[in-house]
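Below is one structure; the comments refer to it alone.
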Amino acid sequence: MGNYILLLVSAVLGAGNLAANRLYQKKMGVSLWAGMIYMVFYGIFSSLVFWAVKGFHIQVSTYSLVMAGLMALLSTGYTLIGFLLMKEEKMTLYTLFLMTGGMTVPYLWGLFGLDESFSYARTAGLIMIAAAIYLSNSGKGMQKEGRRPTFLCGAVFLLNGLVSVISKEHQISAAAVPSTDFLLLSNLARIVFCLPLLGTAGKKGAGHPALSFRAIWLVLLATLLGSVSYWLQLIGAKSLPATVLYPIVTGGTIVFGALFGQCFFKEKLTRRMRMALLLCCIGTCLFL
């Protein structure tokens, strides 16, 4: 039961991370330059936090270093694609494919790659959560998006799903370092990947808002919320099957994200959104 509570806390923090990310985008925009600034500072802040937690020591293994590099490369990829899509006002499609990929790919990997047990109830829950994601991101805005970014959205689906698979595989390996060290390694790898790209993006950054203290503070807030959320997921991945872990996190993030949107951004829950939240709550409960 304790692991399920950790996952629900992770979902709350994940929703908070999305809210902080949204505030950053409102402040700095959704250009590639703004995205690279966000990722570099995110990597630096997260590395410092977990390095301090480890007493300024780090445990490294070849296996964990490779997995951390892969995870950083994949997460950098879907984040950059996300900023490109949001620049074209395709936030709905990005969110839809990001969340379904992060849930569906590890679920299928758990069934066919890890021989985890099949459950009709959990499969029904997965379908309900997927339907909730679609409902919460469909409507008039969705219909205007068109089919042009389908390839990019498919890449987001696969990349985020593979990040979840890598996280699960790392946590169940005997060659893995502890969760905190893995987070530190992955964030250091993210900095290595992003710094060269930042210089390139900076050349195209003229005319964008200047980096402010408020923007840096928002990245720090997003870092704390997102890093702790992912750390709790890594703890859960040690003992919970992938077919349970990621649907719970996804469903919980949708529910708490909607509540945060209503409380902090004064967003009204439409009939479509209320239906999505109901489906999401029922679907998530089927995994408990």
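Looking at V60, is it open to solvent by 30 Å² or more (accessible area, probe 1.4 Å), modelled with pLDDT of 90 or more, part of a loop (DSSP other than H, G, I, E, B) and aliphatic (A, V, I, L, M)? Show your work before the answer.
On the way: open to solvent by 30 Å² or more (accessible area, probe 1.4 Å): yes; modelled with pLDDT of 90 or more: yes; part of a loop (DSSP other than H, G, I, E, B): yes; aliphatic (A, V, I, L, M): yes.
Answer is yes for this residue.
For the structure I just gave you, tell me whether A237 is at pLDDT below 90 and within 25 Å of L8 (Cα to Cα).
Values: at pLDDT below 90: yes; within 25 Å of L8 (Cα to Cα): yes.
Taking the combined requirement at face value, the residue satisfies it.
Of all residues in the stretch 278-288, which are part of a helix (DSSP H, G or I) and surrounded by fewer than 20 Cβ atoms within 10 Å (Cβ to Cβ)? Write out each step before concluding.
First pass over the stretch 278-288, keeping only residues part of a helix (DSSP H, G or I): 278-285.
Within the stretch 278-288, L278, C281, I282, C285 qualify.
So, in the stretch 244-273, how many residues would count as being crowded, with 22+ Cβ neighbours inside 10 Å and either without any contact (Cβ under 8 Å) to a residue 60 or more places away in the chain or more than 17 Å from the chain's Cα centre (by Cα) (or both)?
0
Can you confirm whether I58 is of a type in the set (A, V, I, L, M) and touching an Asp or Glu at 6+ places or on another chain (Cβ under 6 Å)? Steps first, answer last, please.
Working: of a type in the set (A, V, I, L, M): yes; touching an Asp or Glu at 6+ places or on another chain (Cβ under 6 Å): yes.
Considered against the rule, which asks whether it is of a type in the set (A, V, I, L, M) and touching an Asp or Glu at 6+ places or on another chain (Cβ under 6 Å), I58 comes out as yes.
Return the total of residues in the stretch 26-57 being farther than 20 Å from V192 by Cβ, touching a residue at least 12 places away in the same chain (Cβ under 8 Å) and open to solvent by 50 Å² or more (accessible area, probe 1.4 Å).
Here the count works out to 2.
State all residues of the stretch 114-135 that are open to solvent by 40 Å² or more (accessible area, probe 1.4 Å) and either of a type outside the set (A, V, I, L, M, F, W, C) or modelled with pLDDT under 85 (or both); if no residue qualifies, say none.
Those that are open to solvent by 40 Å² or more (accessible area, probe 1.4 Å) and either of a type outside the set (A, V, I, L, M, F, W, C) or modelled with pLDDT under 85 (or both): D115, S117, Y120, R122, Y134.
Inspect all residues belonging to the stretch 138-155 and state whether any of them is farther than 27 Å from L70 by Cα, at pLDDT 70 or above, assigned to a helix (DSSP H, G or I) and of a type in the set (A, V, I, L, M).
Initial filter on the stretch 138-155 (farther than 27 Å from L70 by Cα): 138-148.
Among the residues that remain, those that are also at pLDDT 70 or above are: none.
Scanning the stretch 138-155, I find no residue that is farther than 27 Å from L70 by Cα, at pLDDT 70 or above, assigned to a helix (DSSP H, G or I) and of a type in the set (A, V, I, L, M), so the answer is no.
Residues in the stretch 233-254 that are small (G, A, S) and not in a helix (DSSP H, G or I): how many? Can you show your working first?
Of all residues in the stretch 233-254, those small (G, A, S) come to 236-237, 239, 242, 251-252.
Still in the running and not in a helix (DSSP H, G or I): 239.
So the count comes out to 1.
Go through the stretch 193-214 and report how many residues are surrounded by fewer than 14 Cβ atoms within 10 Å (Cβ to Cβ) and at pLDDT 80 or above.
Just the residues of the stretch 193-214 that are surrounded by fewer than 14 Cβ atoms within 10 Å (Cβ to Cβ), to begin with: 196, 199-200, 203-204, 206-207, 209-210, 212-214.
Now narrow it down to the ones that are at pLDDT 80 or above: 196, 212-214.
Count: 4.
The values are calculated or read from the model by the stated rules, or taken from the named source; none is laboratory data. All values derive from a computational prediction rather than experimental measurement. When we count neighbours, we look across all protein chains shown, and the Cβ atoms used for this are built from the backbone with ideal geometry, even at glycine. What goes into the accessible areas is simple: the full protein's heavy atoms, side chains included, and nothing from ligands, DNA or RNA. Shrake-Rupley method; radii C 1.70, N 1.55, O 1.52, S 1.80 Å.
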